[in-house]
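Here's the structure, in structure tokens; my notes come after.
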Amino acid sequence: MPATVLLVDDEKNIQLTLSRALSMEGYAVEIAGGGKEALEKIAALPVDVVVMDVRMPDLDGLAVLERARETRPGLPVVIMSGHGSIETVRSAFKLGAFDYLEKPITEKERLHVAGRNALALRSLAEENAALRREAGAAEAGGMIGAVRRITSSSRRIAAPAPSEGRVLVTGENGTGKELVARAIHDGSRRKDRPFVKMNCAAVPAELVESELFGHERGAFTGAIAARRGRFEQADGGTLFLDEVGDMPASMQAKVLRVLQEGELERVGGTQTLKVDVRVVAATNKDLAAEVKAGRFREDLFYRLAVVPIHVPPLRERREDVPALAERFLVEACERNGRRPMRLGRDALLALQTHEWPGNVRELRNLVERLTILSDGPEIGPSDVAAVLPGARKPRADRFRAGASFHELVEEAEREVVLGALDANDDNVSETARALGLERSHLYKKMRALGIKRGEEST
């Protein structure tokens, strides 16, 4: 597929001359006669390079360049001018222009070289991004590198990744469903193409259609320019639909059509657009139950759940905590400008005892808090206890000068029994069962330790 060059100039003869030269070089050429039209086409079309004049009647090239850098930061822009000054050139490069051509462009080879170099830069940037993904850096939360540690799901992730099958990822909030989706994308043939995400619960119901399918200029109040939707943005790559269980019912039929036929129309448009997108969806809801309740389309459910993957909560995979915590610590130190730190063995043990109701997200936030609040190069159990209520008591604190071994053991036993009673609402029978003791043995132990709880307190 040829690269697309957007040629922006208000002079018809220059449009004709340069578009012909670019076409002969093998480019697909789109033309805009002014700055506003250029911004519309940049937003709506898969443009690879922009070649643009500085002086235009409605919006000058430097203003277009500045706005384009906000919406498409990786898009190479080549600036042209027949009235260029050193200040204009300096301003263009300061705003992020890739190259500068002086008009009239009598040597077309100069134009071709600028185009080839701009495409090479874009290709290098995409390759660099792909290498970063493969290296395991998770851009949203830094969690991709830990996906290999989700032992209960790793084989199920590896199997569907190279295929074209749609995947439905389920699990509690914060378990890392997005990291699984990214790992599937990175393990597929689409890994060098876009990974686009949309949280269906975070977009107002009236805007979901526009976000997914895009819109044409004037389609509704505020639609001042055409815009590509998430399906178009993900063409050739992967679209991650997070919280898909919250998608409005009115949108479910339209998404189903795209999945079945691979085509869509923008809001306010009449042209049917073809898209090649692999969809990975995620939800914390029981979609089968949602189908039975009539809140989710059964046919869409089966289309999405070709390969279901359940991500277990962190409390069910405590063996993953050390690897995750160490990964997050490295990233938190880099992000906060701290020297490298390490988690001590007892600190890791303390982290493993926590229930993690917020799952991986909670662990990541807590490690960042430890990074900021801890002083030394090693984070110890006392540091963990200070920021994590209920963490395992530091081993050093269990030793008390002057106390005998018997006294220390008795204190530890008392903590264990009290903790078990708390967990079982002071029910001695249930506590005894949980501890693997006879009920009568537990009563004796409680009396010996001076514990009056449950039936003993009556």
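A compact table of results
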read-out: Region 211-258, subset free of Cβ contacts under 8 Å to residues at least 12 places away in the same chain and in a loop (DSSP other than H, G, I, E, B), residue surrounded by the fewest Cβ atoms within 10 Å (Cβ to Cβ); value: T221
read-out: Of residues in region 426-442 being under 18 Å from E410 (Cα atoms) and out of contact with any helix residue (DSSP H, G or I) (no Cβ under 7 Å at 6 or more places or on another chain), the one surrounded by the fewest Cβ atoms within 10 Å (Cβ to Cβ); value: H441
read-out: Region 37-49 residues that are under 17 Å from D9 (Cα atoms) and in contact (Cβ under 8 Å) with a residue 60 or more places away in the chain, paired with ones that are acidic (D, E) and in a helix (DSSP H, G or I) (beta carbon under 7 Å, 6 or more apart); value: none
read-out: Residue that is over 18 Å from R369 (Cβ atoms) and open to solvent by less than 20 Å² (accessible area, probe 1.4 Å), where the choices are V321, V279; value: V279
read-out: Selection from region 370-382 of residues that are surrounded by 15 or more Cβ atoms within 10 Å (Cβ to Cβ) and either modelled with pLDDT of 90 or more or under 13 Å from C333 (Cα atoms) (or both); value: L370, T371, S374, I379
read-out: Of the criteria (1) open to solvent by less than 30 Å² (accessible area, probe 1.4 Å); (2) touching a residue at least 40 places away in the same chain (Cβ under 8 Å), which one C333 fails; value: (2)
read-out: Strands (runs of 3 or more DSSP E) (entirely within region 28-127) containing at least 3 residues that are under 30 Å from H215 (Cβ atoms) and open to solvent by less than 50 Å² (accessible area, probe 1.4 Å); value: 28-32, 49-53, 77-81
read-out: Cross-chain or 6+ apart pairs with Cβ under 9 Å, region 167-182 first and under 19 Å from E362 (Cα atoms), then open to solvent by 10 Å² or more (accessible area, probe 1.4 Å) and in a strand (DSSP E or B); value: T170/P308; T170/H310; G171/H310; K177/T170; K177/D242; E178/K197; E178/D242
read-out: Residue under evaluation E261, criteria (1) touching a residue at least 24 places away in the same chain (Cβ under 8 Å); (2) more than 30 Å from E37 (Cα to Cα); (3) charged (D, E, K, R), criterion not met; value: (1)
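The values are calculated or read from the model by the stated rules, or taken from the named source; none is laboratory data. In this text, all values refer to a predicted model and were calculated from it rather than measured experimentally. When we count neighbours, we look across all protein chains shown, and the Cβ atoms used for this are built from the backbone with ideal geometry, even at glycine. Areas reflect the complete protein model, heavy atoms only, side chains present, ligands, DNA and RNA absent. Shrake-Rupley method; radii C 1.70, N 1.55, O 1.52, S 1.80 Å.
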